[in-house]
Amino acid sequence: MKTLAELQAIRDRMRSQIDLRDAGDDRIRVVVGMATCGIAAGARPVLNALLEEVNKRDLKNVTVSQTGCIGVCRLEPIVEVYVPGQEKVTYVKMTPEKVASIVSEHLVNGRVVEEYTIGAAE
Amino acid sequence: MKEIALYILDIAQNSITANASVLEVALSETAEAIAFVIADNGKGMSPQLLAQVSDPFTTTRTTRKMGLGIPLLRMAVEQTGGSLTIESTEGVGTTVTARFCAGHIDCPPVGDMAGTITLLLQGAPQLELHYTRTADENSFQLTTEEIRAQLGPEISLAEPEIILWLREYLQEQEMLLREHKGMKA
């Protein structure tokens with residue numbers, strides 16, 4: 001059974017890496033819509049899957065955050081990816097299954113997964 | 001929404017938008033009722049806004065003229081014969097209390113509370129959150145003060161590793177609670 005004291009070991013490990021994570025402004029931002037529409041459409045498992053993938057691959061240059069209603073509720077869950085110096089990419093009707101390929105293709109290899117974007121859906 | 005936990009996630013976001021620094025989330029479960037309380041110290045609502053807040057065509061946002069969070073919750077609660085009360089004082093905070101009748105066929109399951117609590121923290125890592133989960137006589141509690149006492153000040157609660165660890169921790173606590181109560185998952 002887990003106890004909160006285990007967090008100390010995680011803390012000690014993270015302390016040694018903390019400078020890496022804060023370095024530079026070349027950070028990729030991944031934003032999940034978490035308003036009523038997003039939550040009802042299944043944004044929570046999508047956000048969870050994103051955190052799991054980012055953690056598993058140890059992507060220090062990626063920040064995952066939440067936002068409100070993006071304005072196209074019928075296409076929720078929506079995930080936006082901001083790569084510095086590039087145009088924003090909007091992924092729609094997201095599922096935990098789509099997350100893995102977006103993380104490996106887009107966040108790691110820099111190739112937009114066109115078939116999941118709002119451009120392909122509309 | 002398919003789970004009570006999702007309503008809690010949705011309604012608690014309103015507290016964060018209202019600039020709350022302290023948030024109490026309590027969920028209790030008996031054979032008769034599943035009830036939750038979300039209490040914040042955010043900016044509160046005026047009596048006028050409070051009177052209209054269950055109307056889907058009332059919202060404070062400026063982009064669109066509707067807001068569905070509270071109306072959806074009210075409908076879900078009242079469908080089971082339960083009740084929703086919202087108390088709010090401007091400059092002091094807001095308390096939302098929802099009570100579902102557990103025996104009613106339209107009562108949603110509690111759902112993934114571990115996911116709800118951890119994603120609230122992921123979205124607002126500076127928040128002081130007090131979570132209490134009760135099932136009959138058994139309960140457990142988690143506060144961000146306890147977490148920070150172990151983590152120290154420099155590590156954000158939003159770090160994926162921390163969030164995922166906390167989710168597993170809460171899932172375990174939830175399972176123990178259910179074993180005690182002999183409830184179905």
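The single residue among B:G69, B:G42, B:G93, B:G123 that is closer than 20 Å to B:R167 by Cα, at pLDDT below 95 and more than 11 Å from the chain's Cα centre (by Cα) turns out to be B:G123.
Does A:I78 fit the bill of being at pLDDT 95 or above and over 15 Å from B:L164 (Cα atoms)?
So A:I78 passes the test.
Annotation note: of B:A158, B:A149, B:A98, the sole residue that is within 19 Å of A:I39 (Cβ to Cβ) and either touching a Phe, Trp or Tyr at 6+ places or on another chain (Cβ under 9 Å) or outside any loop (DSSP other than H, G, I, E, B) (or both) is B:A98. Picking from residues in region A:61-113 that are assigned to a helix (DSSP H, G or I) and within 14 Å of chain B (Cβ to nearest Cβ), the one that is surrounded by the fewest Cβ atoms within 10 Å (Cβ to Cβ) is A:R74. Set side by side, the residues B:I4, B:I8 differ, and just one is crowded, with 17+ Cβ neighbours inside 10 Å and within 14 Å of B:L129 (Cα to Cα), which is B:I8. Quick check: anything in region B:22-45 touching a Cys at 6+ places or on another chain (Cβ under 9 Å), of a type outside the set (K, R) and more than 28 Å from B:T118 (Cβ to Cβ)? Yes, region B:22-45 contains a residue that is touching a Cys at 6+ places or on another chain (Cβ under 9 Å), of a type outside the set (K, R) and more than 28 Å from B:T118 (Cβ to Cβ).
Can you say whether A:G38 is closer than 21 Å to A:K88 by Cβ and free of Cβ contacts under 8 Å to residues at least 12 places away in the same chain, as far as the supplied structure shows?
no
Candidates in region B:9-23 are the residues that are closer than 14 Å to B:M45 by Cα and over 13 Å from the mean Cα position of the chain (by Cα); of these, the one that is nearest to the other protein chains (Cβ to nearest Cβ) is B:T17.
Against the test of being farther than 22 Å from A:I10 by Cα, over 17 Å from the mean Cα position of the chain (by Cα) and touching a residue at least 40 places away in the same chain (Cβ under 8 Å), the options B:A102, B:A135 yield a single qualifying residue, B:A102.
Within region B:140-163, is there a residue that is at positive phi and in contact with a helix residue (DSSP H, G or I) (Cβ under 7 Å, 6 or more places away or on another chain)? Yes, region B:140-163 has at least one match. In the set A:K60, A:K93, A:K98, only one residue is modelled with pLDDT under 95 and of a type in the set (K, R); that residue is A:K60. Name the residues in region A:36-58 that are more than 7 Å from chain B (Cβ to nearest Cβ), more than 17 Å from A:P96 (Cβ to Cβ) and surrounded by 15 or more Cβ atoms within 10 Å (Cβ to Cβ), would you? A:C37 - this is the single residue of region A:36-58 that is more than 7 Å from chain B (Cβ to nearest Cβ), more than 17 Å from A:P96 (Cβ to Cβ) and surrounded by 15 or more Cβ atoms within 10 Å (Cβ to Cβ).
The values are calculated or read from the model by the stated rules, or taken from the named source; none is laboratory data. The structure displayed is predicted, hence computed values, not measured ones. Cβ atoms come from the backbone with ideal geometry, glycine included; neighbour counts cover every protein chain shown.
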